[in-house]
Amino acid sequence: MIRFLLKGLLRDRSRSSFPVLIVSAGVMLTVFLHAWLNGTILNVTQSTAQFKTGYVNVMTKAYAARADQIPNDLALLGVDTLLASLKQQFPDLLWAPRIMFGGLLDIPDEKGETKEQTPVSGLGVDLFSPNSPEWTILNIRSALVRGHLPEKQGELLIADELAQRLNIQPGQKATLISSTMYGSMALENFTIAGMLRFGVGPMDRSAVIADLSDIRQALDMQNGAGEILGFFRDNLYHEERANAITAEFNAEYPSNDPENGAGKFSPIMETLRTQSGLSEVLDIMAVYMRIIIGVFVFAMSVVLWNAGLTGSLRRYGEFGLRLAVGENKGHVYRSLIVESLAVGVAGSCIGTAIGLAFSYYLQVHGIDISGAMPKENAMMIPDVVRAQIEPATFVIGFLPGILATFFGSAIAGIGMYKRQTAQLFKELET
Amino acid sequence: MQNSAIIKTENLSKTYPLGLTALKALDTVNLSVATGEFLGFIGPSGSGKTTLLNIIGCLDAPTSGSAKVLGQPVESLSHKEAARLRMNRIGFIFQTFNLLPVYTVFENVEFPLLLLGMDAERRRGHVMDALQWVGLADRADSKPAQLSGGECQRVAIARAIVKKPELVLADEPTANLDAKNSHHIMQTMVQLNKELKTTFVFATHDEKVMAYLNRKIVLADGRIVKDEAGGQKSNVRDQKP
Ligand SMILES: Nc1ncnc2c1ncn2[C@@H]1O[C@H](COP(=O)(O)OP(=O)(O)OP(=O)(O)O)[C@@H](O)[C@H]1O
Ligand SMILES: [Mg+2]
């Protein structure tokens, strides 16, 4: 019987091809959007972690309270001990102490006079200690576009975009002007080792990277660090684990009243999500995703409902006949639903396949969105955003695909179901 | 056991609400039909023929009175019971043939047997037998669109009789056919009536059909106004030569 019905469905193009086409299109868009938003979230999360906050990070309570101002006067001290205990307590994460700082980079001419001066945002990271995780975390090797990697103290890496604007060549001297931890003027001479391109707007516009010990010396921060960042080894944000680690760590440093000075400099750990406004962005994206899928389900349902209605109107003759031959109403209605589910499954499969193909292409190639980003944007959004296929991408499309066909035909079928048998039967006569 | 009445109605009435008043489509119809009869309801348009046929076919319920069809009280059957009765024991033929266009002739005739859950081999035998009766065995794989109107109606007859029902209800089966085809299908049905003892009930105002009936029940305004026996044309013809 089911075979008989499916045979009819396949032969009747207006009942099979058209709805399958609509479902495929909707499912394809859903799958693609899912992979795309997913990829965007992943890319933004990873860049933010990479260059800004880590997946978790440790600061002093006072620093954390004003973290957006990078208050190095409130930085952590005695970092070696803290770092060692973090490594021991949470060995599943990579731990990296960093100093972020603002300053001016002064480029002298041959006579030593200032030729160019430009504001930079600096990053002091551990480059020289053995097994430093920063090489992997920052991916410095593949970001290098000119010059060479730092080999000794006193060497500086600079964003290529910035270097080109200032016409700086590798090997040239530069002076960093900033302020020490205690508020006095800091001057430090560097040699430009190489130029970097990270493909992340704020970094490429103004970043300079130097070894942590050089920056400690320049800013008078012996054994200090603004933050110690923690990274999951698979470079994915595991929210539950991050929360667990944070809770465990913070329990060891009960909160004193920072206003009274007590405990002001004791460390506190925060997660990626609680900082940098990223949590709102992630939440909004998740909401967008649900809205978009909801809209798809709704729009497709309406279209399919209409197709189902015209289809069933055309088929009242068939229904009347089937009732006359002795099929009961419930059975006819159920067969309508089965047909629609067949259409839904077929459309979902096709749509998912095409959607995945598109997504895969964009996972490999990505789209350059840097042109669409505001220039002064400070969020760590990569220039090239890639789609990201995950297990959910394979199934997400079936949700709108099957729901829409189901609702579409269920609503259309009710019209048929509500009619009196004799009425349907009469329509045979017209 | 019941007597041989296959249809028996008592004071059967059907009214349709019509604005503030009501329209009496059937008015105290008392009727008894014996197994093996070949009879027809005749009368002007709107006289209630289709309404009566639908009630006998358990597609509609009476407003008052009772109708026993194949031993079952129509007025108290549930949807499911009515469907089962139709599925097992009643065949329908319509004015518009109502073949399903996407299926072949064979599949159209096969459909009632699928509902009965018959296995494929027996289905095949029954369908080919039925097509043989109506003279269309060689068109089994055609689609309805490839057949003439007369051929379509013969397929519809094959579909109605393929499960060998005890009762066949035919509403204006010749209305869309020319004289030659009308005679052809009527002769087919007369033959089936004789060979299988199938009871046929027609609703018609076609003179050609009336000529074949051995009982004519004339309706007017929902009432039986005449109930007369008549010789079957084929019988008459049989005797003449
Ligand atoms: N669903 C309905 N609602 C209201 N009135 C109806 C309905 N069905 C039938 N009628 C009325 O009942 C009366 C009998 O209708 P019926 O279809 O039985 O006539 P008929 O004898 O078959 O006519 P015809 O020869 O034109 O087919 C008609 O007046 C018709 O308008
Ligand atoms: Mg009628």
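The values are calculated or read from the model by the stated rules, or taken from the named source; none is laboratory data. This is a predicted model, so every value here is computed, not measured. We place every Cβ from the backbone using ideal geometry, glycine too, and count neighbours over all the protein chains shown. Areas reflect the complete protein model, heavy atoms only, side chains present, ligands, DNA and RNA absent. Shrake-Rupley method; radii C 1.70, N 1.55, O 1.52, S 1.80 Å.
Measuring max minus min along each principal axis, the C-alpha atoms of chain B give extents of 52, 47, 42 Å (largest first). Under the membrane-span-like helix rule (DSSP H runs whose alpha carbons stretch at least 20 Å along the helix axis, mean Kyte-Doolittle hydropathy -1.0 or higher), chain A yields A:13-48, A:278-314, A:329-364, A:398-418. Calculated on the alpha-carbon coordinates, the convex hull of segment B:110-241 measures out at 138 cubic angstrom per residue.
Counting only aspartates and glutamates at least 8 places from A:K52 when in the same chain, those with an alpha carbon closer than 16 Å to its own are A:D68, A:D126, A:E134, A:D204, A:E227, A:E270.
Take the Cα radius of gyration of segment A:74-114 and divide it by 2.2 N^0.38 Å, N being the number of residues; the result is 2.02. With a 1.4 Å probe rolled over the protein heavy atoms of all chains, the accessible area of A:Y63, B:Y16 falls in the order B:Y16, A:Y63, largest first.
Comparing A:A64, A:L94, A:Q169 along the charge dipole axis of segment A:56-236, the residue lying farthest to the positive side is A:L94, per the Cβ-charge model. Three principal axis extents describe the C-alpha atoms of segment A:56-236; from largest down they are 52, 36, 28 Å. Across all Cα atoms of segment B:1-51, the radius of gyration (one decimal) and Dmax (whole number) stand at 13.8, 45 Å. For chain B, a Gaussian network of Cα nodes joined below 10 Å ranks B:P101, B:P144, B:P73 by mean-square fluctuation, and the top entry is B:P101. Rounded to the nearest 500, the helix-only mean residue ellipticity at 222 nm of the protein assembly as shown stands at -14500 deg cm²/dmol, with each DSSP H run of n ≥ 4 adding -39,500 (n - 2.57). DSSP finds beta bridges in chain B, and of those with both partners inside it, around 55 percent are antiparallel. The eigenvalues of the Cα gyration tensor, multiplied by 5 and square-rooted, give segment A:148-211 an equivalent ellipsoid with semi-axes of 20, 15, 11 Å from largest to smallest. Near B:G125, once Lys and Arg are set to +1 and Asp and Glu to -1 for all other residues with Cβ below 14 Å from its Cβ, the sum equals +1.
Neighbours of A:S359 by Cβ distance under 13 Å: Lys/Arg scored +1, Asp/Glu scored -1, total 0.
In segment B:2-89, Cα pairs under 8 Å separated by at least six residues give a relative contact order of 32 percent. A DSSP coil position with no more than 14 other Cβ atoms inside 10 Å describes the following GluC sites (Glu not before Pro) in segment A:89-123: A:E110, A:E113. Here the average projected area of the convex hull drawn through the C-alpha atoms of segment A:329-419 stands at 8.6 nm². The relative contact order of segment A:56-236 comes to 33 percent, based on Cα pairs under 8 Å that sit 6 or more residues apart. Charged side chains reduced to their Cβ positions (Lys and Arg at +1, Asp and Glu at -1) give the protein assembly as shown a dipole of some 4520 debye around its Cα centre. The value for the protein assembly as shown of Rg(Cα) / (2.2 N^0.38 Å) is 1.63. Each of A:H148 and A:V395 was given a label point 7 Å from its Cα along the Cα-to-Cβ line. The distance between the two points is 5.4 nm.
Note on chain B: GNM, Cα springs under 10 Å; of B:Q187, B:Q146, B:Q95, the largest mean-square fluctuation is that of B:Q146. If you add up the charges near A:M380, with Lys and Arg at +1 and Asp and Glu at -1, over every other residue whose beta carbon is less than 13 angstrom from its beta carbon, what do you get? Taking every Cβ under 13 Å from that of A:M380, the sum is 0. Each residue of segment A:188-202 was assigned a 3J(HN,Hα) from its phi angle through the Karplus expression (A = 6.51, B = -1.76, C = 1.60, θ = phi - 60°), giving 8, 8, 10, 10, 6, 8, x, 10, 10, 9, 8, x, 10, x, x Hz with x at Gly and Pro.
Legend: residue pairs B:K49/B:K164; A:K87/A:K173; B:K194/B:K226; A:K329/B:K180; A:K329/B:K226, Cα-Cα distance threshold 32 Å; pairs beyond threshold, A:K87/A:K173; A:K329/B:K180; A:K329/B:K226. Note on chain A: with a GNM built from Cα contacts shorter than 10 Å, the maximum mean-square fluctuation among A:R197, A:R13, A:R273 falls on A:R13.
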